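Nothing in this text is a laboratory measurement; each read-out follows from the coordinates by a stated rule. Please read these numbers as outputs of a predicted model, since none were measured by experiment. Backbone-built Cβ (ideal geometry, glycine too); neighbour counts: all protein chains shown.
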């Protein structure tokens, strides 16, 4: 029996995903940390490391081609659920830019006016609390460096340095330029904001963008690009992310601690339990577990290319022999799918989602009925799926259940992809006829919609499905597991590989020339 987690758990200070620039010259983050300690701004361990990574310096060149030190990362981002300290680390970066780095113009922007106003008031309080910092702020008896007029918020030093606080507008990002630009609530940033920002930043000698937001939604196009850039291990990018994985139990305090560094410090277990009770599972996952639901970028195809999926649609496809069943459940247990796979008369595979309905428990009785009625090889379930809780009930009923190993589950996506996207299709000339797939489906909206919403992730160097998305992707995952079940339970009927398949070797892309460090990406 697994022991219950202790009542007092501490949030992890290690991001689930971390990307940073390696082999830097030094970091000015240490100076920022010392400044914060002196004025009483307490930093968590993750905030200190984030400052060290974000303020790292390398040798480079200025616009005139002369040697000059530059920031190692042009973009520094953090994706973290609310109330975990993003704003504090931004305040530390503003203070360092004003009082240590000599940056002439800093802009702190937010989606909500209250967010920018609160940042201004917190920074004003921190500066006023320290005589050394306060005496550097303009104050001649008539004019105060702390400006709050006509909705304009700013802090000006005697040196002429200034930090401006802005609320981003729907129309774009005018006023978002500076040596350091902080984009708080970055899940709300639009292409218009970035379009207005780019040309103005290029005029600065050593600009840096700091991003911070919680998990994004289908409107978070720009932040979604940031996540994909981090997944590609792009250079000159620092990115911290706290997000639960498919293997995490969303109801467990241990999962909450893994993705909420403030838990046990400024956030309590009782608060998290109350939030879970107040919210739907989807909303709780988005707000507190870092589960994003990002849109595809323009021109980005489906996990299995849409054209190839449509090519494999055959309304007359059928299986005359035995089938493999699978059960897959949406991560929040709100919907469950039963899928099948079998071999067609021509030797190709057929996949189908035969049931997709709310809840989970109904699937046990339905599976007992299906197994009794149709010749089959058994039932396949991924034990990392929420459907795993049905396994004891199925086995008690006498059903043969095969639990996919991690290797089998990761191999399943690759086999499905290769069947739907033959190697010849990858090498086909533009406009050439597409070669036929070796896997077919009957079309329809259930599996197609699931595929359109599905995304993939890396596991031990392989690509597999990502389960914890807001949409219901159980129909396509279940079909994939059933198809892999054919390989496992009766592989002898698999059609022989085409000459192109037999000769093909997997393309690889070396990252050796990318001087980055990564964890989780």
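Classify the range 17-288 as rounded, prolate or oblate, taking a ≥ b ≥ c as the square roots of the eigenvalues of its Cα gyration tensor: rounded when a/c is under 1.5, otherwise prolate if a/b is larger than b/c and oblate if not. Here the range 17-288 falls in the prolate category. Where only DSSP H runs of four or more residues are counted, the chain gives -10000 deg cm²/dmol as its mean residue ellipticity at 222 nm, each run worth -39500 (n - 2.57). A prolate overall shape is assigned to the range 391-487, the ratio a/c of its alpha-carbon gyration tensor axes (a ≥ b ≥ c) being 1.5 or greater and a/b exceeding b/c. Whole Å is fine, so just give me how far the alpha carbon centre of the range 39-83 lies from that of the range 268-285. Centre-to-centre distance over Cα atoms comes out at 33 Å. Peptides 32-43, 339-350, ordered by how many other C-beta atoms sit within 10 Å of their residues on average, highest first, read 339-350, 32-43.
The alpha carbon gyration tensor of the range 43-177 gives principal lengths a ≥ b ≥ c with a/c below 1.5, which makes the shape rounded. Mind pulling the angle between the C-alpha long axis of helix 113-128 and the longest principal axis of the chain? Nearest 10 degrees, somewhere in 0 to 90. Orientation of helix 113-128: about 40 degrees from the principal axis. Starting from the Cα of residue 104, step 7 Å toward the Cβ, then list every residue of the range 127-152 with an amide N under 14 Å from that point. Zone members listed by number: none at all.
Rounded to the nearest 10 degrees, the angle from helix 474-489 to the longest Cα principal axis of the chain is 50 degrees. Between residue 369 and residue 191, the distance separating the two model label sites (each 7 Å from Cα on the Cα→Cβ line) works out to 4.8 nm. Beta bridges from DSSP with both residues in the range 306-503: antiparallel share about 70 percent, rounded to the nearest 5.
Packing around the peptides 320-333, 365-378, 404-417, 139-152, taken as the average count of other Cβ atoms within 10 Å per residue, puts them in this order, highest first: 320-333, 404-417, 365-378, 139-152. Between the helical axis of 86-99 and the longest alpha-carbon principal axis of the chain there is an angle of about 30 degrees. Need one number: % antiparallel among DSSP beta bridges in the range 17-288, to the nearest 5. If I count the DSSP bridges inside the range 17-288, around 45 percent turn out antiparallel.
Computed from label points 7 Å out along Cα-Cβ, the spacing between residue 234 and residue 64 is 3.0 nm.
Can you give the % of DSSP beta bridges in the chain that are antiparallel, to the nearest 5? Taking every DSSP beta bridge within the chain, about 55 percent pair in antiparallel fashion.
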